[in-house]
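Read through the structure below, which is laid out as structure tokens, and then see the notes.
The values are calculated or read from the model by the stated rules, or taken from the named source; none is laboratory data. Keep in mind it's a predicted model, so treat the numbers as computed, not measured. Here the Cβ is made from the backbone with ideal geometry for all residues, glycine too, and neighbour counts use every protein chain on show.
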Amino acid sequence: MKHLVLFVFTALTFFLAPLAALSQQSDSGSLVIIEDARIDSLLQLHYKVNSQYPVMPGYRVQILFESGNNSKTLAREAIAKFNEEYPYTKAYLIFESPYYKVRVGDFRTKMEAEKFMTTIQPDYPSAFVTRDNISFPGSGNAEEPVDNVQQP
């Protein structure tokens, strides 16, 4: 028990001492934080990279998988039908030779995608969840859902 108390006291001293040295409080009631200038440059680099590549790993629900002469037409019809039934969920047309695929939604977790899949299962019984690069939720620079065919 003595060793545990000594360890906790030492750990608190070790972690709190640098924090006390980094922040100083002046008499006017304001707080001054001293930070390394490299932190700002790393944040700017992070923002720049994320604005150039506005995708992240996530999940989508695939509702169509076709190949053949009329596959692109069938895929576009499936997107139009889906957009009428679920106007608030984006649909994406993807071409991976020789298949056209229609994937819907931008879900961060597999559980979110599976929940959505159960809601559309009556209309799309062959739908399944798949990993994909998704658009950042709420970002204004999301990829174009229907007009452009995505090629991985």
key: Top-ranked residue in the range 85-105 [being assigned to a strand (DSSP E or B) and touching an Asp or Glu at 6+ places or on another chain (Cβ under 7 Å); ranked as nearest to Thr73 (Cα to Cα)]   = Tyr100
task = For Asn69, indicate whether it is modelled with pLDDT of 80 or more and either on the phi > 0 side of the Ramachandran plot or more than 29 Å from the chain's Cα centre (by Cα) (or both).
result = yes
key: Tally, over the range 116-152, of residues that are of a type in the set (D, E, K, R), modelled with pLDDT of 65 or more and more than 19 Å from the chain's Cα centre (by Cα)   = 1
message = Suppose we keep only residues that are in contact (Cβ under 8 Å) with a residue 24 or more places away in the chain and among the β-branched types (Val, Ile, Thr) within the range 63-107. Which one would you say is farthest from Asp132 (Cα to Cα)?
response = Ile79
task = Mind listing whichever residues of the range 87-128 are under 10 Å from Ile63 (Cβ atoms) and among the hydroxyl-bearing types (Ser, Thr, Tyr)?
result = Tyr124, Ser126
Pick from the range 115-135, criterion in a helix (DSSP H, G or I) and not β-branched (Val, Ile, Thr), ranking: surrounded by the fewest Cβ atoms within 10 Å (Cβ to Cβ) = Lys115
ask   = When both residues are 6+ apart or on different chains and their Cβ atoms are under 8 Å apart, which pairs have a first residue that lies in the range 23-46 and is modelled with pLDDT under 80 and surrounded by 10 or more Cβ atoms within 10 Å (Cβ to Cβ), and a second that is basic (Lys, Arg) and not in a helix (DSSP H, G or I)?
value = none
